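Here's the structure we're looking at; comments come further down.
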Number of protein chains: 2
Amino acid sequence: MSMYHTHTYIINGDFDQSISPLDRGFTYGDGVFRTMLMRSGLPVAWPLHYQKLVADCAALGIVCPSADLLMADFLQLFSAQDIDSKKLDVAKIIISRGEGERGYKTPAITSPTRVVIRSAMPLYAKHYYSQGVQLHLCNTRLSKQAKLAGIKHLNCLDNILARMEWRDESIFDGLMLDQADNVIECTMSNIFARFGKVIVTPSLSECGVSGITRQRICNLAPVLNLTVEMAQLRLDRILQADELIICNSLYGVFQVYKINDTHWAQQNLAETLRSLLAHD
Amino acid sequence: MSMYHTHTYIINGDFDQSISPLDRGFTYGDGVFRTMLMRSGLPVAWPLHYQKLVADCAALGIVCPSADLLMADFLQLFSAQDIDSKKLDVAKIIISRGEGERGYKTPAITSPTRVVIRSAMPLYAKHYYSQGVQLHLCNTRLSKQAKLAGIKHLNCLDNILARMEWRDESIFDGLMLDQADNVIECTMSNIFARFGKVIVTPSLSECGVSGITRQRICNLAPVLNLTVEMAQLRLDRILQADELIICNSLYGVFQVYKINDTHWAQQNLAETLRSLLAHD
């Protein structure tokens, strides 16, 4: 059993299974994942998450489990009591290519491994909502790999090396650049920079993870009379933005108030978007 | 139990353990590995393999298990009968950072997961030894990440995508370039190009895996009056080499006789090196 008792998990629909060391998720990081906010035991923005899971699996040639199977897993992991409450939890789906022989060659017939892990909602400090969050500027650059760009896959060493750069608990996330000094994302968040009535989010055609909340914000922008641009975004430009926000599926949206020595005054785009997302 | 009965494995010294889905090897590819030739139940070139395992673990901030623990695992996986025979087998060591909470942040205290998998020696066709092997020129490029360059880590999607490019069984391995058209390695092999009395192997300072057999060949080259150069090596230059060889810990060394439409006559460097490696 796990040493982490705040987690429960189900593997291929079964509470008693475990992962084989021959699973290609373990041997090669050969798979994809999703992290989702669960409200009353049900995944928020599930159609978008499932659509993204299918697309990411397809990009790696993995057969994605049906939405019905995953929904059955949620119903097993989250009890009727959870569903009655308004409680927030976290669910993580991991789909690996499944077991294989030694070697990179993918088996002709594979049976993907499907894992759903339930964990507690992180506790975010109140001032993250009122004041915003501080970012570390990471020294670790994201690898450029067009064939994996946008995909939330299990090869996460770039993000881990970046996350190892700070232990200061006042820093919420780390801003990551690519090899050519373009801003791409944070270790666990996407980013938007507002310039007047335009919000710019980095193009993710060569690296980075294209998150669901980023997509939802792009869809919501017209409601706020904001135009979205996906473009190359250099560090010096982002530091001159009128406002900077980061997002992911768990916390929604936070304003950035500080990156190294650059500060931003408190503004209201993050709060407005959180409210829109909650009622979306 | 595994569906692959040609493999046996031991996890943290125990035949009955399995991998938790919270293991960071599974969730993030957060670990390293080694593939080794076992002769009479003992690892060939063990000091070099262990030294590389220690270095790769250190690069990721993972505490490497002691050589004694790994040797005890080998003794459990390979019986006295194996040791008496001259049989060849394969052992793969995987060291992951161990279990962790959700999120990239590495736990303050981790207990690495140590896996040793025993599998059968691949059967190589006789003509690989006499004639050489054919390579596919991969379309998938290796990601550039100086912080991971040289390390044999568990983030293998580049190699998997490259290996998915061919199903033709007459192709032995695939030649991989970096994003700037430099030749780096094959999906499961390092490469050397001979020009007269100089053998050139690609510099691995920005991507690629620095293998033990590559290192052994560099050490043996003076015996053959060959000079070793580690340098940038463009595809057009490699296609003009007098002789091309690839290497890994299992097959040792094979000559390359064909990449796409370029052919090489059979020569004897691969055979000479195989013989030297066997008596090294």
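Between copies, how close do the A:Gln240 label points come, placed 7 Å along Cα→Cβ, listed in nm from shortest?
Copy-to-copy label distances at A:Gln240, shortest first: 4.6 nm.
With 10 angstrom as the radius, rank A:Ile245, A:Ile259, B:Ile212 by how many other C-beta atoms surround their C-beta, starting from the fewest.
Ranked by crowding around the Cβ, least crowded first: A:Ile259, B:Ile212, A:Ile245.
Helix-derived [θ] at 222 nm for the protein assembly as shown: sum -39500 (n - 2.57) over DSSP H runs of at least 4, divide by residue count, nearest 500?
Taken over the protein assembly as shown, the calculation gives -7000 deg cm²/dmol.
Using 1/(1 + (r/R0)^6) with R0 = 30 angstrom and r between the beta carbons of A:Ile171 and A:Thr8, what's the FRET efficiency to the nearest 0.05?
Taking R0 as 30 Å, the efficiency between A:Ile171 and A:Thr8 is 0.50.
In degrees, nearest 10, range 0 to 90: what is the angle between the Cα axis of helix A:67-77 and the longest Cα principal axis of chain A?
Its long axis makes an angle of about 90 degrees.
At most 11 other C-beta atoms within 10 Å and a DSSP loop state: those are the exposed trypsin sites (Lys or Arg not before Pro) I care about. Give me the longest piece of chain A that has none.
After excluding every exposed loop site, the longest remaining stretch is A:1-85.
In whole Å, what three semi-axes, largest first, describe the equivalent ellipsoid of region B:1-123 built from its Cα gyration tensor (square root of 5 times each eigenvalue)?
Equivalent-ellipsoid dimensions as semi-axes: 26, 16, 12 Å.
Taking every DSSP beta bridge that has both residues in chain B, what percent is antiparallel when rounded to the nearest 5?
75
From the label point of A:Ser205, set 7 Å along Cα to the beta carbon, how far off in nm is each other copy's matching point, shortest first?
Listed shortest first, these distances are 3.0 nm.
May I have the convex hull volume per residue, in Å³, for the Cα set of region B:27-66?
83
Describe numerically, in nm with one decimal, the distance between label points set 7 Å from Cα along Cα→Cβ at B:Lys197 and at B:Ala180.
3.1
Hey, quick one: spin label on B:Lys126, modelled 7 Å out along Cα-Cβ, who in region B:246-265 has an amide N within reach, i.e. under 19 Å?
So the set is B:254-255.
Go ahead and set up a Gaussian network model of chain B, Cα springs under 10 Å, then flag whichever of B:Leu135, B:Leu224, B:Leu148 fluctuates most.
B:Leu224
How much net charge surrounds A:Ile245 when only the other residues with a Cβ under 14 Å from the Cβ of A:Ile245 are counted, with Lys and Arg +1 and Asp and Glu -1?
It works out to a net charge of 0.
Normalised by the number of residues in region B:8-120, what is the relative contact order in percent for Cα pairs under 8 Å and 6+ residues apart?
40
With both partners inside the protein assembly as shown, how many of the DSSP beta bridges are antiparallel, as a percent to the nearest 5?
75
Output the relative contact order of region A:117-181, whole-number percent, from Cα pairs under 8 angstrom with separation of 6+ residues.
48
Rank B:Ala59, B:Met121, B:Val200 by how far each Cα sits towards the positive end of the charge dipole of chain B (+1 on Lys, Arg Cβ; -1 on Asp, Glu Cβ) and give me just the farthest.
Most positive-ward Cα: B:Val200.
Compute for region A:126-278: radius of gyration divided by Kirkwood radius, i.e. Rg/Rh, restricted to C-alpha atoms, rounded to two decimals.
When Rh is taken as the Kirkwood radius, the ratio is 0.93.
Write down the percent of antiparallel bridges among all DSSP beta bridges whose residues are both part of region A:126-278, to the nearest 5.
Antiparallel bridges make up about 60 percent of those DSSP assigns within region A:126-278.
Which whole-number percentage describes the relative contact order of chain A, with Cα contacts under 8 Å and a sequence gap of 6 or more?
Averaging sequence separation for qualifying contacts and normalising by length gives 18 percent for chain A.
Using a basic spin-label model with each label point 7 Å from the Cα along Cα→Cβ, how many nm lie between B:Met71 and A:Gln232?
It is 5.5 nm.
Counting only pairs 8 or more residues apart or on different chains, how many lysine pairs in chain B have their Cα atoms under 30 Å apart?
Eligible lysine pairs with Cα atoms under 30 Å apart amount to 29.
When A:Tyr124, B:Tyr129 are ordered from fewest to most other Cβ atoms inside 10 Å of their Cβ, what list results?
So the residues, fewest neighbours to most, are A:Tyr124, B:Tyr129.
Calculate the tail of P(r) for the protein assembly as shown: the fraction of all Cα-Cα distances greater than 36 Å, expressed in %.
Tail of P(r) above 36 Å: 37 percent of Cα pairs.
How far is it, in nm, from the label point at B:Ser79 to the one at B:Ser275 when both lie 7 Å from their Cα along the line to the Cβ?
3.7
In nm to one decimal, list the spacings between the B:Pro107 label point and its equivalents in the other copies, with label points set 7 Å along Cα to Cβ, shortest first.
Spelled out, the distances from B:Pro107's label point are 2.9 nm.
Per 5 Å bin, what is the whole-percent P(r) computed from every C-alpha pair distance within chain A?
With a bin width of 5 Å, the distribution comes to 1, 5, 12, 15, 18, 17, 14, 10, 5, 2, 0, 0.
In degrees, nearest 10, range 0 to 90: what is the angle between the Cα axis of helix A:46-60 and the longest Cα principal axis of chain A?
70
No value in this document is a laboratory result; all are computed from the given coordinates. The structure displayed is predicted, hence computed values, not measured ones. Reconstructed Cβ throughout: ideal geometry from the backbone, glycine too, with neighbour counts over all protein chains shown.
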